[in-house]
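The values are calculated or read from the model by the stated rules, or taken from the named source; none is laboratory data. The structure presented is a predicted model; accordingly, all values stated were derived computationally and were not measured. For neighbour counting, all protein chains shown are included, and Cβ atoms are generated from backbone atoms with ideal geometry for every residue, glycine included. With ligands, DNA and RNA removed, areas are computed over all heavy atoms of the protein, side chains included. Shrake-Rupley method; radii C 1.70, N 1.55, O 1.52, S 1.80 Å.
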2 protein chains.
Amino acid sequence: MSETIGFIGLGNMGHPMAINLLKAGYNLRVYNRDISKTQDLVVAGAKRGVRPRDAVEHGGIVITVVANDEALEAVTSGNDGLLAHLGPGGVHLSMSTVSPATARKMQQLHEQQDCFYVAAPVFGRPEAAAARQLWIAVAGKAEAKQRVHRILNVLGQGVFDFGEEAANANVVKISANFMLASAMETMGEAFTLGEKNGIDRTKMYEMFTQTLFACPAYQTYGKRIAEKNFEPVGFNMQLGLKDINLVLDSAKAAQSPMPFASQLSNRLLAGIARGRGERDWSELTRGISDDAGIE
Amino acid sequence: MSETIGFIGLGNMGHPMAINLLKAGYNLRVYNRDISKTQDLVVAGAKRGVRPRDAVEHGGIVITVVANDEALEAVTSGNDGLLAHLGPGGVHLSMSTVSPATARKMQQLHEQQDCFYVAAPVFGRPEAAAARQLWIAVAGKAEAKQRVHRILNVLGQGVFDFGEEAANANVVKISANFMLASAMETMGEAFTLGEKNGIDRTKMYEMFTQTLFACPAYQTYGKRIAEKNFEPVGFNMQLGLKDINLVLDSAKAAQSPMPFASQLSNRLLAGIARGRGERDWSELTRGISDDAGIE
């Protein structure tokens, strides 16, 4: 196993993913805007580029894990961008959470250059990335998915295929974030009703997450919400609002009303207005306590 | 084991529960408004009463599993009611889903007669009742809970204690129903967004219920919602609306705003207005498809 792949974006998520690829025997060419984050990877054998395009081998595979749509466009387009150097048959494996609209545009841009854009956004926190416990939704042309198949299995514990339209994987990803936020609001409302009736929130949490709702989404976030302990910050409220608004944009474009998503957008916006934008997004449930006149 | 206990209410839930108590060696005195439902129990050794009070032994234990608050009041109060005959030290184990307000009133009434009211609403469908797979939330005076401890363990697979205020168990129960309806609305919105983007609803269902939402609530209802196949009817939309409105009544009394619950009340009401009141409550998600202009 000595295939060389490019890796762009070495933040909280990208860095442990790159490490896992090195461990699996891949040669890496890495690029990150903040060069300090490439240090240990270079020590471990990765080559470092000074521009995004330096991470790319002609006709090869390049992975991007960046913060948002703008960052994806910045590393992809222009003279220094990866697309300028990817060439026919090359595969851009885009693992960031971006909007379906951006994914659609990216897929077209890549096809115009006879290369492939595969969307493969991941589900899981940095610890899950490090432990190769990510879940991955993938969508793109079949032959390109075939080429990245082993890479995805190195990075995650399960891969779900959503067809050839890259954007569909992003619809699934933002839908998952909507479903998480919705579960949080639901628990927040239920626990607060209990609390105002004199019931211990953590007892409700225990019953629900051992029975009907015995799953990671409820267990992980429910504990924070029951205990009103929102540390440490995993994914902040600003980012949460961004994703819920991607859902609403997509819903508007598709003409698919989503009243829960609308409520969540307002809930997160209120949290940000109250100065909680940098706090974990599970703290959106503090707005429920606020509205109920309690701490 | 030859203790005699009373059992009132032999509907879809009560009947299999009574059977399980007989199998566990209890002697039963049963009462049901529709006498035909007592037939096989009498064959199996139960004694049948013609009035609710006939099911009660002085100072004994009597279980009620009835449809709603009115039915509970009907079998409890008046000359023919169980309370007239329960006597000091007797325990009324009330396993129906009723309002916290009714539970509060019942507990007071029983205490005035020196007997006990224990609320123990159950979680699960009739199949779960038959298989002794119910989950039970219990609340009431400690000595009374102690007396019914073994009975609850015969009927369910797990018992969660919510203290001495009987009404609290009912708050937990209606909160669970709110959380179920909320999970349904959430999946309906997400799957419909996917569908309008050309994604297979069942693929979204599969990914979510194998990963973040791998729990009974999402797996059971999600399959129906993804496939838009709402048969058979387990719990209908009329009953769903009744429970969500109990949540909203309780939320109003406790001054605890619940925007998701408000949305669900309107969603269910719209479903009933469209003639779906007798259909399974998971069909509330058809309203999401309606609003998106699809089947």
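Inspect the stretch B:52-60 for any residue being over 19 Å from B:Q107 (Cα atoms) and assigned to a helix (DSSP H, G or I) and give the result as yes or no. Looking for residues that are over 19 Å from B:Q107 (Cα atoms) and assigned to a helix (DSSP H, G or I), one finds at least one in the stretch B:52-60, hence yes. Applying the criterion of being under 16 Å from B:A176 (Cβ atoms) and open to solvent by 10 Å² or more (accessible area, probe 1.4 Å) to the residues of the stretch B:124-155, the residue that is farthest from the chain's Cα centre (by Cα) is B:Q133. Of the numbered criteria (1) touching a helix residue (DSSP H, G or I) at 6+ places or on another chain (Cβ under 9 Å); (2) more than 11 Å from every other protein chain (Cβ to nearest Cβ); (3) at negative phi, the one A:K228 fails is (3). Could you list, in sequence order, the residues of the stretch A:184-218 that are more than 7 Å from chain B (Cβ to nearest Cβ), crowded, with 24+ Cβ neighbours inside 10 Å and of a type outside the set (F, W, Y)? A:M184, A:M187, A:G188 - these are the residues of the stretch A:184-218 that are more than 7 Å from chain B (Cβ to nearest Cβ), crowded, with 24+ Cβ neighbours inside 10 Å and of a type outside the set (F, W, Y). The set of residues from the stretch B:244-266 being closer than 23 Å to B:S289 by Cα and buried (at least 24 other Cβ atoms within 10 Å of the Cβ) comprises B:I244, B:F260, B:A261, B:L264. The set of residues in the stretch B:251-273 that are more than 7 Å from chain A (Cβ to nearest Cβ), touching a Phe, Trp or Tyr at 6+ places or on another chain (Cβ under 9 Å) and over 18 Å from B:K173 (Cβ atoms) contains only B:G271. For the stretch B:15-68, a residue qualifies if it is surrounded by fewer than 17 Cβ atoms within 10 Å (Cβ to Cβ), touching a Lys or Arg at 6+ places or on another chain (Cβ under 9 Å) and small (G, A, S), and the qualifying residues are B:A24, B:A44. Quick check: is even one residue across the stretch B:156-178 assigned to a helix (DSSP H, G or I), open to solvent by less than 40 Å² (accessible area, probe 1.4 Å), within 30 Å of A:K173 (Cα to Cα) and of a type in the set (S, T, N, Q)? Scanning the stretch B:156-178 turns up at least one residue that is assigned to a helix (DSSP H, G or I), open to solvent by less than 40 Å² (accessible area, probe 1.4 Å), within 30 Å of A:K173 (Cα to Cα) and of a type in the set (S, T, N, Q).
Condition check ((1) out of contact with any strand residue (DSSP E or B) (no Cβ under 8 Å at 6 or more places or on another chain); (2) closer than 23 Å to B:E206 by Cβ; (3) modelled with pLDDT of 95 or more; (4) of a type in the set (V, I, T)) across all residues:
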{"position": "A:H85", "(1), (2), (3), (4)": "yes, no, no, no"}
{"position": "A:M95", "(1), (2), (3), (4)": "no, yes, yes, no"}
{"position": "A:H110", "(1), (2), (3), (4)": "no, no, yes, no"}
{"position": "A:L134", "(1), (2), (3), (4)": "no, yes, yes, no"}
{"position": "A:G158", "(1), (2), (3), (4)": "no, yes, yes, no"}
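Where helices (runs of 4 or more DSSP H) fall wholly inside the stretch A:181-266, the ranges with 1 or more residues that are in contact (Cβ under 8 Å) with a residue 40 or more places away in the chain and more than 24 Å from B:P257 (Cα to Cα) are A:237-254. Number of residues in the stretch B:87-99 that are open to solvent by 10 Å² or more (accessible area, probe 1.4 Å) and among the aliphatic types (A, V, I, L, M) equals 0. Against the numbered list (1) more than 8 Å from chain A (Cβ to nearest Cβ); (2) within 20 Å of the chain's Cα centre (by Cα); (3) at pLDDT 95 or above, B:V233 comes up short only at (3). Scanning the stretch A:5-19 for any residue that is at pLDDT 95 or above and over 20 Å from the mean Cα position of the chain (by Cα) turns up at least one such residue.
Taking the stretch A:119-166 as the range and being away from every other protein chain (no Cβ under 14 Å) and more than 22 Å from A:V62 (Cβ to Cβ) as the test, the residues that pass are A:E127, A:A131. Within the stretch A:95-110, one or more residues are free of Cβ contacts under 8 Å to residues at least 12 places away in the same chain and farther than 22 Å from A:N153 by Cα. Once the stretch A:100-123 is narrowed to residues that are of a type outside the set (A, V, I, L, M, F, W, C) and crowded, with 24+ Cβ neighbours inside 10 Å, the residue that is farthest from the chain's Cα centre (by Cα) is A:H110. Listed conditions (1) touching a helix residue (DSSP H, G or I) at 6+ places or on another chain (Cβ under 8 Å); (2) surrounded by fewer than 16 Cβ atoms within 10 Å (Cβ to Cβ); (3) free of Cβ contacts under 8 Å to residues at least 24 places away in the same chain are all met by B:A273, apart from (1). Selection within the stretch A:172-183: residues that are closer than 27 Å to A:K105 by Cα and in contact with a Ser or Thr (Cβ under 6 Å, 6 or more places away or on another chain). The member of this set that is nearest to the other protein chains (Cβ to nearest Cβ) is A:M179.
Taking the stated definitions as given, is B:K145 among the basic types (K, R), in a helix (DSSP H, G or I) and within 27 Å of A:F260 (Cα to Cα)? No: the conditions fail for B:K145.
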